[in-house]
Amino acid sequence: MAQLNLLGAQRVKALTEILAEKEKLAIASMALPSVKEIKALVDDEFGIDGKRAEIDKLVAKANELAGDLNDVTGARVSVSLRENSNYGDPTAYDTRVKELRKDLIDDKIAAVKAEFKRKEQSLWLCETLEEAKAIVGIE
């Protein structure tokens, strides 16, 4: 009869730590869109992507003119665009950004976490080291 390599609590804890590290790596390696990319998608949906690009060009032109002024006068002039959100009364735009963020980022991360949580629970239920290694994905 083949000798079973029994799985003890200390081994399960060690394998759980390996699994936690793999979870972090899986989340870090996911190709998730940035907030700026999500806003670009929503801008396109709302038909304002051209307006935002035009504003960016105007700010760049203003900074170029400010640079010329700075060279001549020695003064420090700069132009920046600062967006303020209306936190008290979210607009349809803000709501759509949140929805898209949830769909494209939060749900994917939650799915990965759920998968690794299921694997962690499976570790505590298996009896042999070989089964545990298969769950964790190591040799």
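Here is the list for the range 1-87: trypsin sites (Lys or Arg not before Pro) lying in DSSP coil, each with at most 12 other C-beta atoms within 10 angstrom of its C-beta, are 76, 82.
Mean-square fluctuations from a GNM of the chain, with a 10 angstrom spring cutoff on Cα atoms, peak among 122, 34, 80 at 80.
Rolling a 1.4 angstrom probe over the protein heavy atoms with all chains in place gives the range 23-139 an accessible area of 74 Å² per residue.
Of the solvent-accessible surface of the chain, computed with a 1.4 Å probe and all protein chains present, 56% belongs to carbon and sulfur. Largest mean-square fluctuation among 40, 114, 75, in a Gaussian network model of the chain whose springs join Cα atoms under 10 Å apart, belongs to 75.
What the phi angles of the range 35-41 give under the Karplus curve with 6.51, -1.76 and 1.60, with θ = phi - 60°, is a coupling list of 4, 4, 5, 5, 4, 5, 5 Hz, glycine and proline written as x. The phi torsions of the range 106-115, fed into the Karplus equation with coefficients 6.51, -1.76 and 1.60 and a -60° offset, translate into couplings of 4, 5, 5, 5, 4, 5, 5, 4, 5, 4 Hz, rounded to whole numbers, with Gly and Pro shown as x. In a GNM of the chain with a 10 Å cut-off on Cα contacts, which of 105, 38, 18 has the highest mean-square fluctuation? Of 105, 38, 18, the Gaussian network model singles out 18 as fluctuating most.
Once the other residues with Cβ under 15 Å from the Cβ of residue 132 are scored (Lys, Arg +1; Asp, Glu -1), what is the net sum?
Spelling it out: positives minus negatives among the neighbours equals 0.
If contacts are Cα pairs under 8 angstrom and at least 6 residues apart, what is the relative contact order of the chain in percent? Kindly include the intermediate steps, with their values, before the conclusion.
Values: 70 pairs, mean separation 66.4, N = 139.
The value is 48 percent.
Here the Karplus relation 6.51 cos²θ - 1.76 cosθ + 1.60, evaluated at θ = phi - 60°, turns the backbone of the range 125-139 into coupling constants of 9, 7, 10, 10, 5, 4, 4, 5, 4, 5, 5, 6, x, 10, 9 Hz, with x for every Gly and Pro. The alpha-carbon positions of the range 58-126 define a convex hull whose volume is 194 Å³ per residue.
Here is the list for the range 61-121: chymotrypsin sites (Phe, Trp or Tyr not before Pro) lying in DSSP coil, each with at most 13 other C-beta atoms within 10 angstrom of its C-beta, are 87.
Normalised by 2.2 N^0.38 Å, where N counts its residues, the alpha-carbon radius of gyration of the chain equals 1.81.
The values are calculated or read from the model by the stated rules, or taken from the named source; none is laboratory data. Model, not experiment: these values are computed from the prediction. With ideal geometry, Cβ positions are generated from the backbone for all residues, glycine too; neighbour counts draw on all protein chains shown. Protein only, heavy atoms only, side chains kept; ligands, DNA and RNA dropped before computing areas. Shrake-Rupley method; radii C 1.70, N 1.55, O 1.52, S 1.80 Å.
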